[in-house]
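The values are calculated or read from the model by the stated rules, or taken from the named source; none is laboratory data. This structure is a prediction, so every number in the text was calculated from the model and none was measured. As a convention, Cβ positions derive from the backbone with ideal geometry for all residues, glycine included, and neighbour counts pool all protein chains shown.
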Amino acid sequence: MNNLIITQFARFVSLLLFQVLILNQVEINGLLTPYIYIMAIMMLPFDTPMWLVLSAAFVAGISVDLFSNTIGMHAAAAVLIAYTRQYAIAYNATVGSDEFVNYPNLSNMGFVWFFTYATILSIIYHFVFFTIEIFSFYFLGYIILKTLCSSALALLIMLIYQYIFEPKY
């Protein structure tokens with residue numbers, strides 16, 4: 001149990017540092033701005049209490065806000081995906097699964113499950129964040145394009161992270 005807590009905390013801190021020190025400096029043509037720190041929220045164990053998931057999302061979002069000078073925009077989007085996480089898990093639930101795993105990663109759940117799960121939450125996060133950032137539905141086409149491009153890059157980085165850093169059981 002203590003090893004799981006230490007692992008989750010180390011992932012949380014390392015993803016936040018990677019986001020604020022490296023990825024916040026990346027913006028390609030105004031369309032590619034990946035936010036992968038949300039993977040710390042996505043990879044919390046399934047049985048994590050909702051209050052803890054929401055609290056962790058708020059802390060992660062407000063931490064990125066402090067370094068990005070975005071005043072709550074990341075926190076709002078992160079808390080929303082923390083809330084919708086349970087629905088993404090239920091959407092991807094495999095019926096008739098004999099083996100119960102409590103940890104949502106690529107090696108435990110398989111590529112299709114993890115990719116679908118990460119895609120749903122990444123698109124929701126990026127769409128909400130960019131909508132709050134632009135704050136106008138007049139630019140809806142631009143918001144959708146930026147959401148899709150940024151989500152695709154974020155998913156690519158998340159998959160690379162999964163293949164490199166996550167243990168194979």
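Figure legend. Inter-residue proximity from region 130-151: first residues at negative phi, second residues charged (D, E, K, R), beta-carbon distance below 8 Å, spacing 6+ or different chains. Indicated pairs: F130/K146.
Among the residues of region 1-20 satisfying the criterion of being touching a helix residue (DSSP H, G or I) at 6+ places or on another chain (Cβ under 9 Å) and farther than 15 Å from H74 by Cβ, which is modelled with the lowest pLDDT? For region 1-20, the residue satisfying everything is Q8. For region 10-44, a tally of residues being more than 14 Å from the chain's Cα centre (by Cα) and not in a helix (DSSP H, G or I) returns 8. Candidates are the residues of region 35-76 that are hydrophobic (A, V, I, L, M, F, W, C), over 20 Å from T7 (Cα atoms) and without any contact (Cβ under 8 Å) to a residue 40 or more places away in the chain; the one that is surrounded by the most Cβ atoms within 10 Å (Cβ to Cβ) is A75. On the given criteria, is L145 at pLDDT 90 or above and touching a Leu at 6+ places or on another chain (Cβ under 7 Å)? Against the criterion (at pLDDT 90 or above and touching a Leu at 6+ places or on another chain (Cβ under 7 Å)), L145 qualifies. Taking I71, is it among the aliphatic types (A, V, I, L, M), modelled with pLDDT under 90 and part of a helix (DSSP H, G or I)? So I71 fails the test.
Let's see how each residue does on (1) among the aliphatic types (A, V, I, L, M); (2) under 17 Å from P34 (Cα atoms):
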{"position": "I123", "(1), (2)": "yes, yes"}
{"position": "F127", "(1), (2)": "no, yes"}
{"position": "I132", "(1), (2)": "yes, yes"}
{"position": "G141", "(1), (2)": "no, no"}
{"position": "K146", "(1), (2)": "no, yes"}
{"position": "C149", "(1), (2)": "no, yes"}
{"position": "L153", "(1), (2)": "yes, yes"}
{"position": "I160", "(1), (2)": "yes, yes"}
{"position": "Y163", "(1), (2)": "no, no"}
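Look at (1) surrounded by 19 or more Cβ atoms within 10 Å (Cβ to Cβ); (2) not in a helix (DSSP H, G or I) and you find that V79 fails only one, number (2). Taking region 129-143 as the range and being surrounded by 14 or more Cβ atoms within 10 Å (Cβ to Cβ) and either under 14 Å from M73 (Cβ atoms) or within 18 Å of the chain's Cα centre (by Cα) (or both) as the test, the residues that pass are F129, F130, T131, I132, E133, I134, I143. Please tell me if F135 is farther than 22 Å from A60 by Cβ, out of contact with any Lys or Arg (no Cβ under 7 Å at 6 or more places or on another chain), modelled with pLDDT under 95 and not β-branched (V, I, T). When the stated conditions are applied, F135 passes them.
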